[in-house]
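Remarks on the structure that follows.
The values are calculated or read from the model by the stated rules, or taken from the named source; none is laboratory data. Here the structure is a predicted model, which means the values were calculated and not measured. So basically every Cβ, Gly included, is an ideal-geometry build from the backbone, and we count neighbours across all protein chains shown. Please note that ligands, DNA and RNA were not included when accessible areas were found on the heavy atoms of the full protein model with its side chains. Shrake-Rupley method; radii C 1.70, N 1.55, O 1.52, S 1.80 Å.
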Amino acid sequence: MKNRIDACFEDLKAQGKKALVTFITAGDPDLATTEKLVLEMFDKGADIVEIGVPFSDPIAEGGTIQRASLRSLKHNTNLDQIFELVSRLRDNTEKPILLMMYLNTVFRYGTEKFFNNCKNVQIDGVIIPDMPFEERDEVKEYSEKTGVRSIYLVAPTSKERVKMIAEESKGFLYIVSSLGVTGTRNEFSTNFDELLAPLKEGNYCPACIGFGISNGEQARKMADYCDGCIIGSAIVNIVEKYGADSVEPVGEFIESVRTALDA
C-alpha cells in the first residue's frame with residue numbers, strides 16, 4: 001500500500017493546494033484530549049499531524065513545547081500508550097500521522113521493536129530532530145523494511161548539504177525556518193530562495209517549512225517557497241492556555257490557517 005504521506009502530497013498537488021502539517025504533544029494535557037485534538041485538527045483542515053513523544057530534555061524545543069513535555073511526563077505518558085492512542089485514532093481517520101521524538105527514546109525502546117510497532121498501528125513517518133543526517137543508518141534499515149518514512153531535516157546552515165539530504169529523503173523534507181529552537185516568531189531572516197534553490201534542479205520529495213510559523217499569514221508566505229508549512233508551538237500555546245477545553249479553540253485556529261493557505 002502506498003504510504004499515506006506520499007498519497008497526501010499527490011492529492012494536494014492535483015488540487016493545487018499546500019499541505020498544512022500540525023503538531024501537538026501526546027498526553028498534554030492528557031491522552032484523551034490528545035485524541036480529540038488530532039481528530040479536530042484533521043476535521044478543520046490539517047493534512048498531516050505530528051504527535052510529539054514527550055522527552056525530559058527536548059533540545060530542539062523552546063519553552064512552549066518543553067513545558068508541554070513536562071506536563072505530559074507528569075502523567076507518565078509513554079510510547080506504548082501513544083501506540084495505543086494511534087491505534088484508536090485509526091478507527092476514525094486515514095490521514096497521515098507522524099511521531100516526532102528524540103533518538104534516545106527510540107534506542108531505549110528498541111529500534112526494531114519501535115519501527116515494527118509504528119507499522120502495526122499505522123504510523124506513517126517519524127521525525128527525529130536530534131539525529132544527524134550522517135547517522136541515519138541507525139534507523140534507515142528499519143524505516144525501509146517497515147515502510148515507515150524517516151523524515152530528514154534541513155537547516156539554514158545546511159546549504160551545500162541540502163541536495164544530498166534531499167536525494168535520500170522520502171515522505172517530505174522538513175525545512176527548519178530559522179536557527180535556534182522551536183517557538184513562534186514575528187519574522188524570518190532566512191533566504192529561502194537561496195536555501196531551497198538546489199531542490200528546483202531535480203525530482204525530489206515535497207518540502208515543508210516549520211519552526212516559528214504562528215498564524216495564517218505567515219503560513220501563506222512560507223508555503224510560497226515549498227509544498228506546505230508546519231505549525232507546532234502556536235497550537236501548543238492554545239493547549240497550554242485552555243487545557244482539556246482546548247479542542248474547540250485549536251479547531252478554530254486550524255480553520256483560520258487553512259483558509260489563509262487556500263486563499
task = Quickly work out the Arg90-to-Asp245 label distance, labels modelled 7 Å from Cα along the C-beta direction, and quote it in nm with one decimal.
result = 3.6
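Calculate the FRET efficiency for Glu112 and Asp224 from the Cβ-Cβ distance with a Förster distance of 41 Å, rounded to the nearest 0.05. Don't skip to the answer; put the middle values down first.
Details: r = 41 Å, r/R0 = 0.99.
Between Glu112 and Asp224 the formula returns 0.50.
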task = Please give, to one decimal in nm, the separation of the simple spin-label points placed at Ser56 and Lys200, each 7 Å out from Cα toward the Cβ.
result = 4.8
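Taking only protein heavy atoms and a 1.4 Å probe, what accessible area per residue, in Å², does segment 4-262 have with all protein chains in place? Spell out each step's value before the answer.
Values: 11260 Å² over 259 residues.
So segment 4-262 comes to 43 Å² accessible per residue, rounded to a whole number.
List the equivalent ellipsoid semi-axes of segment 82-228 in whole Å, largest first, each obtained as the square root of 5λ for an eigenvalue λ of the Cα gyration tensor. List each step's numbers first, then the result.
Values: eigenvalues 145, 66, 41 Å².
Equivalent ellipsoid of segment 82-228: 27, 18, 14 Å, largest first.
Would you work out if segment 9-57 is rounded, prolate or oblate? Take a ≥ b ≥ c from the square roots of the eigenvalues of the alpha-carbon gyration tensor; rounded if a/c is under 1.5, else prolate when a/b is larger than b/c, oblate otherwise.
Working: a/c = 4.44, a/b = 2.04, b/c = 2.18.
It is oblate, given that a/c is not under 1.5 and a/b is not larger than b/c.
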task = Could you pull out every one of the lysines with an alpha carbon less than 30 Å from that of Lys163, ignoring same-chain neighbours closer than 8 positions?
result = Lys2, Lys13, Lys17, Lys18, Lys95, Lys119, Lys140, Lys145, Lys200, Lys221
query = When the chain is treated as a GNM, springs tying every alpha-carbon pair under 10 Å, which of Phe23, Phe192, Phe172 comes out with the largest mean-square fluctuation?
reply = Phe192
inquiry  = Could you work out how much longer the chain between Asp193 and Glu138 gets when fully extended? Use 0.36 nm per residue separation minus the Cα distance between them, nm to one decimal.
reply    = 16.6 nm
Cleavage-rule hits (trypsin sites (Lys or Arg not before Pro)) in segment 80-161: DSSP loop, at most 14 neighbouring Cβ within 10 angstrom = Arg90
remark   = Carbon plus sulfur, as percent of the 1.4 Å-probe accessible area of the chain, comes to 45
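For every other residue with a beta carbon closer than 13 angstrom to the beta carbon of Ala155, add +1 if it is Lys or Arg and -1 if Asp or Glu, then tell me the sum. Present the calculation step by step, with values, prior to reporting the outcome.
On the way: positive: Lys159, Arg161; negative: Asp130, Glu160.
Surrounding charge for Ala155 is 0.
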key: Whether segment 1-102 is rounded, prolate or oblate, judged on the alpha carbon gyration tensor where a/c under 1.5 counts as rounded   = prolate
task = Describe numerically, in nm with one decimal, the distance between label points set 7 Å from Cα along Cα→Cβ at Asp30 and at Lys13.
result = 4.4
